[in-house]
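Reviewing the structure listed below.
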Amino acid sequence: MSGSQTPGLAPSSADLPLPASYGDPQRNGLSAADLVDGMTEHLFYTLGRQARGASHHDLYMALSYAVRDRLMTRHLAYKDELRRLRPKAVAYLSAEFLIGPQLGNNLLMLGIVEQAREALRRFGINNLDTVLDEEEEPGLGNGGLGRLAACYMESLASLEIPATGYGIRYEFGIFDQLIEHGWQVEITDGWLKGGWPWELIQPERSCRVGFGGHTEQVRDERGELRHRWVPAEAVIGIPHDVPVLGFRVNSCNRLRLWRAGAAEDFDFHAFNRGDYYGAVEQKVGSETISKVLYPNDGSDAGRRLRLRQQAFFVSCSLQDMLRSLVLRGIPIEAFADHWAVQLNDTHPAIAVAELMRLLVDEHGLGWEVAWEITSRSIAFTNHTLLPEALECWDLGLFASLLPRHLEVILEINHRYLQEVRLRQPGDNDLLRRLSIIDETDGKRVRMAHLAVAAAHRINGVAGLHSELVRTSLFPDAARLWPERFTNVTNGVTPRRWLALAHPDLGTLLDEALGTAWPAAPELWQRLETWQNDAAFLERWAGAKRAAKERLAALIEARTGQVIDPTSLFDVQVKRIHEYKRQHLNALQLVAQYLRLKRGDSDGMVPRTVIFGGKAAPGYAMAKLIIRFIHGVAGVINADPDVHGLLKVVFLADYNVKLGEKVYPAADLSEQISTAGLEASGTGNMKFTLNGALTIGTLDGANIEIRDQVGAENFFLFGRTSEQIAELRAKGQPHDRLEAIPLAREALDLISAGHFSEGDGNLFRPLVDSIRGADPYFLLADFNDYLACQDQVSRTWSQPALWTRRSLLNTARSGFFSSDRAIRQYCDGIWGVRPLRIAMTHGC
Ligand code: NBG
């Protein structure tokens, strides 16, 4: 398209100037001296500072800008290649991207950590971490699902797969957690306050999205009846792009996050009437769409706004994809050959209706052609079986905000159910179960059903979960269209979660395996060669000890608690939820405490039990669990009888940044969810990668972790998902507490107020839930859990054995690299291939 001109843009011509570094790795300035030059320029011109007197934050900003320049060189060269070769690309649609701090990661990706260290020394800084610590975490997600999206974006770039991540640029991300008197307090997360150097605003790529209004039918120029939507309101989506570079490759994708703005900043009609506040009102209303990330508390508050958020980012993203075809001269009919659209859970499921609307109403395609394109391009990942997390929208609310989308959905449903009738005539119950519109309790649109009706592939995120998706979540659809259902077990990126987070172990791996290991997990198995080599095991243990010392220092700085880095670090970090059973862990601690009080410390080893995680603000029981952990910690930590055998720590405000400190330091990973309820888990993989041993149930990806690392290197306990299902169906025995004396005593002690300064009522809801219906089966697994913890202690008392098992966990965790998962998506779902670019000058 050389020489062509888009209105308002400069002509694209080979004669126009390019930066000297463009497309040229040799002139790309990756030396320390180049970084110093870049930083100096940015300090001076971008930040308006002299190098003399620059603060740590200034230096963080300057280094980030200098690094971003180097990403841009690659990003623009990659974009040129995409424009030229027009390959198929992935569009990963997700309401959450928990990307974590960017600077350290991008230094690692570019391979310039040492150069950055040296550059900073020129500014009088001897410790890179002091500058890295300046970065505010972009908290654009709740937990696992959002972090998975970030790992996948990184792997896509590292595997050189063209991809865009589409989401929302929330002004306020997940709340910051404070702990006051043992209770969680939520603080607004102002991550943008100090400026965030990683995004580039692209106003000329803005999109317009409608809401409300009515629909009408009009005849087009060929006399055909067409639907037209006349929205009452329009909002503008403005792209904020974050470059995503792959590991030691030149492909640099992007995360395109949409910020909402008013279609017209200022309503002059209102202003001319003298109504200044009315004039800015619409602007304020539109901007609220991208203000805040919803914590997943299932509350009704703001449901309307949440639906607006979803429709907003999905519409902008699909318009953007369609525009990319137009710009590259590709016919709209070829959409599915150029875009693989992945729906990360149901939040973007409205894409099914929006793509149909855009293709039929705006681009004039026939319904059947549009449907074929939609279902060929869209695939859907389910991330949970918990009913409260499966989104449904009240029909009235839906109609008032998205009247045309509702018509489209009703038409999809009508045709879908016709197809079902043909396959299985006369089964009205089946139709009711499959219908996208749920009519059991007022009419509601079931977003998961919409996604299932359209998607050519539907996957769960671990073996057991995908099986349950087939057999219990969508059994009818899976019976009618078995070929559409598949599994892709989650993965995590070994770059951030090992190379970056655990530099000591990274150095050891560099020496043992060569520096390619972060992108070549098949090499990790070679570690087994050293499993009986005392000197190597000593170095392995040394790396772990270094990480533990760092975490101990951080805990002391944050909480004032002094912990012993030689004790067993027993860690449970994740969102607080009853199904994840942090309260099983805490109850077990009460039982251990009772044992110790009786002088029964046989076989116990010094342990530091570390918790971390946020509770959804509206989830009272989860917040009470946090309070309970603090109550138990307070008593145990203050009791001299415990003799240094037990210490309990709660790390406030758990996030990606803190995770990078915690995973490398863990000896034991607690993965103790009620079997059948954790879809996969990804924290479990990060621990394994870092050489922690797991104590866990047969749930989610724990099953595959155990298969990979070997049963003898995994502490297994608890009922299976079938046994839990059976117990759930036939009810649990009433006298079950009789068989678990330690649990009964522990519950009595809690009820007596021993962990709540004598207040017997404080933890009553928790105790009543366990003593009563015990919906998460703590008691069913309690004895087994306790016995398994004893086995952990016995193994810990044989340090050489423990270290050997730690090494085997890392050596055998290659399967859990997100590269493997992304390859599976590429081959089995998306049909996309890598696009390599070798950067040469002027490409
Ligand atoms: C979470 C599951 C985890 C899983 C992640 C990523 C949601 C809705 N689900 O088990 O609870 O690891 O998704 O797939 O956040």
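Each Cα pair under 8 Å and six or more residues apart adds its sequence gap; the mean of these over the residue count of the chain is a relative contact order of 13 percent. Projecting the Cα positions of G731, T795, L85 onto the charge dipole of the chain (unit charges on Cβ atoms of Lys, Arg, Asp and Glu, taken about the Cα centre) puts L85 furthest along the positive direction. Peptides 522-531, 285-294 ordered by packing proxy, namely the average of other Cβ atoms within 10 Å per residue, highest first: 285-294, 522-531.
Taking 27 Å as the limit for the C-alpha separation, the pairs K623/K657; K597/K730; K291/K661; K544/K597 exceed it in the case of K597/K730; K291/K661; K544/K597. Amide H contacts for L646 (H built 1.01 Å from N in the peptide plane; partners 5 or more residues away or on another chain; cut-off under 5 Å): R607.
As a fraction of the 1.4 Å probe accessible area of the range 653-739, surface on carbon and sulfur atoms comes out at 49 percent. Under the convention that each Lys and Arg Cβ holds +1 and each Asp and Glu Cβ holds -1, the size of the dipole of the chain around its Cα centre is about 1040 debye.
Placing unit charges on the Cβ atoms only, positive for Lys and Arg and negative for Asp and Glu, gives the range 669-757 a dipole magnitude near 140 debye about its Cα centre. Site pair E204 and E186 shows an inter-label distance of 4.1 nm when each label is modelled 7 Å from Cα along Cα→Cβ.
Comparing Cα centroids, the range 520-565 and the range 575-605 end up 25 angstrom apart.
Each residue of the range 738-755 was assigned a 3J(HN,Hα) from its phi angle through the Karplus curve 6.51 cos²θ - 1.76 cosθ + 1.60 (θ = phi - 60°); the sequence is 4, 7, 10, x, 5, 5, 4, 4, 4, 5, 4, 5, 5, 5, 6, x, 4, 10 Hz, with glycine and proline shown as x.
How much of the DSSP bridge set in the chain is antiparallel, in percent, rounded to the nearest 5? Bridges in the chain that DSSP calls antiparallel: roughly 40 percent. Within a straight-line Cα-Cα reach of under 16 Å, K88 can be paired with the following aspartates and glutamates, leaving aside sequence neighbours fewer than 8 residues apart in one chain: D80, E160, D320, E333, D337, D827. Looking at the chain, the accessible area is 39 square angstrom per residue; that uses a 1.4 Å probe and ignores ligands, DNA and RNA. How would you classify the chain from its alpha-carbon gyration tensor, with a ≥ b ≥ c the square roots of the eigenvalues: rounded for a/c under 1.5, else prolate if a/b is greater than b/c, otherwise oblate? Verdict is oblate for the chain. With the charge dipole of the chain set up from +1 on Lys and Arg Cβ and -1 on Asp and Glu Cβ about the Cα centre, the Cα lying farthest toward the positive end among the listed residues L584, N382, H227 is that of H227. Starting from the Cα gyration tensor of the range 761-821, take the square roots of the eigenvalues, sort them a ≥ b ≥ c, and report rounded, prolate or oblate (rounded when a/c is under 1.5, otherwise prolate if a/b is larger than b/c, else oblate). Judged from the Cα gyration tensor, the range 761-821 comes out oblate (a/c at least 1.5, b/c at or above a/b). Note on L554 and H643: the model spin-label points, each 7 Å out from Cα along the C-beta direction, lie 3.2 nm apart. A simple rule links phi to the HN-Hα coupling: the Karplus curve 6.51 cos²θ - 1.76 cosθ + 1.60 with θ = phi - 60°, which for the range 694-709 gives 9, 9, x, 8, 7, 9, x, 6, 3, 4, 6, 4, 5, 4, 6, 7 Hz, with x for Gly and Pro. Placing +1 on each Lys and Arg Cβ and -1 on each Asp and Glu Cβ, with no other charges, gives the range 560-697 a dipole about its Cα centre of roughly 400 debye. Projecting the Cα atoms of G514, N532, A499 onto the charge dipole of the range 461-538, computed from C-beta unit charges around the Cα centre, puts A499 farthest toward the positive end. Shape analysis of the range 620-711 places it in the prolate category; the axes a ≥ b ≥ c from the Cα gyration tensor give an a/c of at least 1.5, with a/b above b/c.
The values are calculated or read from the model by the stated rules, or taken from the named source; none is laboratory data. Fair warning: this is a prediction, and the values are worked out from it, not measured in the lab. Glycine gets a Cβ as well: all are built from the backbone with ideal geometry, and neighbour counts include every protein chain shown. These accessible areas exclude ligands, DNA and RNA; they are computed on the full protein's heavy atoms, side chains included. Shrake-Rupley method; radii C 1.70, N 1.55, O 1.52, S 1.80 Å.
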